[in-house]
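Okay, so here's the structure we're looking at.
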Amino acid sequence: MGYLRSMFDRDIRAIVPQIAMSAGTMIDCACREIIMGKHSSLGPIDPQINGFAAHGVIEEFTSAQKEVMKNQVLGILWQPIIAKYSPTLIGECQKAIKWAETMVTDWLVTGMFKNEVKPAECAKKVLDELGSHALTLSHARHISLERALTMGLKVTALESDQQLQEAVLTVHHACVQTLTETPAQDHREPHGRSFHLLATDDHSIALDFLFARRSAMLGPSEVF
């Protein structure tokens, strides 16, 4: 995102035709605006380490410490639970949480909220919810357009522009269908505006007409 922000002077819109959770939500927070449909979802940004929720690991370890300090006999119950953690896991979780929060805060302050009177406070309000494992309860929790607006993110409804909605959903469904029903594994847009898909058998499938027609409605600095 650092490269894209430098290329477009942070003037980037994120379009979420369906789901952009976890790291996808972090990318959205690096943009000046997020476009979501009624069916779209963002998600919590709490880091995951080796399959474990970083906040959950620290919460569990803290609970174990408190309970064992009160009653050492409980150490027998906690021992097999804590034993599943590697020696450096707690420190890695703490660093991952700090890194994620610092990164997203910087992106919000210098991008989406740069023109606000108190950008740091706006960013903190977003982080307090998106980055709180205790509040979201699950890394898989879906956050709707309405909820995103409530926490202060700058979100525009995809349905507010019918031409854009048609363009976004057409490209989205075409990509999903192609990736699920063909050997294609990747798709890219060269500068020539034709849309190519990189297939496993080294054959390139072009959707020139479709993308040329639809991409005219999408700006050059939009993350899709």
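The slack in the chain from Arg141 to Lys114, taken as 0.36 nm per residue of separation less the alpha-carbon distance, amounts to 6.9 nm. Ranked by the mean number of other Cβ atoms within 10 Å per residue, highest first, peptides 171-181, 105-115 order as 105-115, 171-181. Sorting Ile27, Ile19 by the number of Cβ atoms found within 10 Å of their own Cβ, with the fewest placed first, yields Ile19, Ile27.
A simple packing score, the average count of other Cβ atoms within 10 Å per residue, orders the peptides 4-13, 125-134 as 125-134, 4-13, with the highest score first.
Read the figures in this text as sums done on the coordinates, not as results from a lab. The structure displayed is predicted, hence computed values, not measured ones. Cβ atoms come from the backbone with ideal geometry, glycine included; neighbour counts cover every protein chain shown.
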